[in-house]
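Remarks on the structure that follows.
What follows draws every value from the coordinates through simple rules; no lab data is involved. All of these numbers come straight from a predicted model, not from anything done at the bench. Don't worry about glycine lacking a Cβ; one is built from the backbone with ideal geometry, like all the others, and counts go over all protein chains shown.
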Amino acid sequence: MIKNIVFIGAGNLATHLALALKQASYHICQVYSRTQLSADTLAKQVDADSCCDYAEVRRDADLYIFALSDKALPDALEALQLKNKFLVHTAGSLPMSVFESYSSFYGVFYPLQTFSKARQVDFSKIPLCIEAISTDLESELVLMGNKISNSVQLLSSNQRKQLHLAAVFTCNFTNHMYHIGQKLLQDEGMDFDLLKPLIIETAEKVQEMPVEAAQTGPAVRFDEDIIKAHEESLNMHPDFQKLYRFVSESIYHLHSKGNN
């Protein structure tokens, strides 16, 4: 049974997950980070020990949660050599098999959400995607997941990879569009607050209706007059201009296929 947990990583995701697990009465016994300040900051919040040296990571925990970047994980595993310990990572894009050379007990505990340390989240509403090398370990992770979330999903590495790709489109790319919108308004002395009610309504619509039905704007019907006028307005931003044309065509073609 999982009781004592070590976190390898102290970033945004690690912070929110560690706090949720502590609230669910799990014991976070240690936090590792590359810098002592980061390790101390999270460790203080969850009443844990801290360290910034792999040699100081304790070897007696029930579970080691790797909340690191995809690039950093292999080096951490090589440095730690946690042979036959229960290891999980929190990444959407990495297969579970990254652990197979280091332990016989491993899995994935992936919260599907965007995290910022300064913003609180309700973990009970966050889908938790779980995978494990055995049914026994899977049961342990599901039990832990159910204590902090109302949505626990069993997904394969391939399914989770596709989910992560979909999340990049719906979250990261969408936020990039917000950034472009903010830039265009700022160029004319307007405030991004003007767009916030539109952003909220767009997000709320897809809670209640199919996404294809929620699509509006000139690209759906490919209104060339409006599209050309918009493209001319983007002459000073050629990258935005190309993006506008590409996305408009994508919207039109995808919407047309859906209606055929």
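Brief remarks on what is shown
- Residue range of the chain that is longest and free of trypsin sites (Lys or Arg not before Pro) which are both DSSP loop and sparsely packed (at most 12 other C-beta within 10 Å): 120-260
- Acute angle (nearest 10 degrees) that the helix 238-258 long axis makes with the longest principal axis of the chain, alpha-carbon atoms: 90
- Taking amide H as placed 1.01 Å from N in the peptide plane, residue 107 has its amide H under 5 Å from the amide H of 87, 88, 89, each at least 5 places away in sequence or on another chain.
- Comparing mean-square fluctuations of 181, 92, 145 from a GNM of the chain with C-alpha springs under 10 Å, the top value falls on 181.
- With both labels modelled 7 Å from their Cα along Cα-to-Cβ, the residue 241 to residue 223 distance reads 2.2 nm.
- The angle between the Cα long axis of helix 36-46 and the main principal axis of the chain comes to about 80°, on a 0 to 90 degree scale.
- Kirkwood estimate for region 120-230, i.e. one over the average of 1/r between Cα atoms, Å: 17.6
- Shape of region 29-159 from the C-alpha gyration tensor: oblate (a/c of 1.5 or more and a/b not above b/c, with a ≥ b ≥ c the square roots of its eigenvalues).
- Taking the convex hull of Cα positions in region 152-206, its mean projected area over all directions (nm²): 4.8
- Cα-based helix-to-principal-axis angle, 12-23 vs the chain, degrees rounded to 10: 50
- Gain on full stretching of the segment that runs from residue 194 to residue 54 - 0.36 nm per residue minus C-alpha separation: 45.6 nm
- Identified option (computed Rg/Rh (Cα atoms, Kirkwood Rh); candidates [x] 0.98; [y] 0.94; [z] 1.06): [z]
- For region 178-231, the Kirkwood hydrodynamic radius from C-alpha pairs, put into Stokes-Einstein at 4 °C and a viscosity of 1.567 mPa s, yields a diffusion coefficient of 100 µm² per second.
- Cβ-Cβ FRET estimate between residue 255 and residue 71, R0 fixed at 35 Å, reported to 0.05: 0.40
- Separation between Cα centres of region 164-205 and region 70-128, rounded to whole Å: 29
- Site-free segments of the chain were taken between GluC sites (Glu not before Pro) in DSSP loops having at most 14 other Cβ atoms within 10 Å, sites themselves excluded; the longest one is 1-99.
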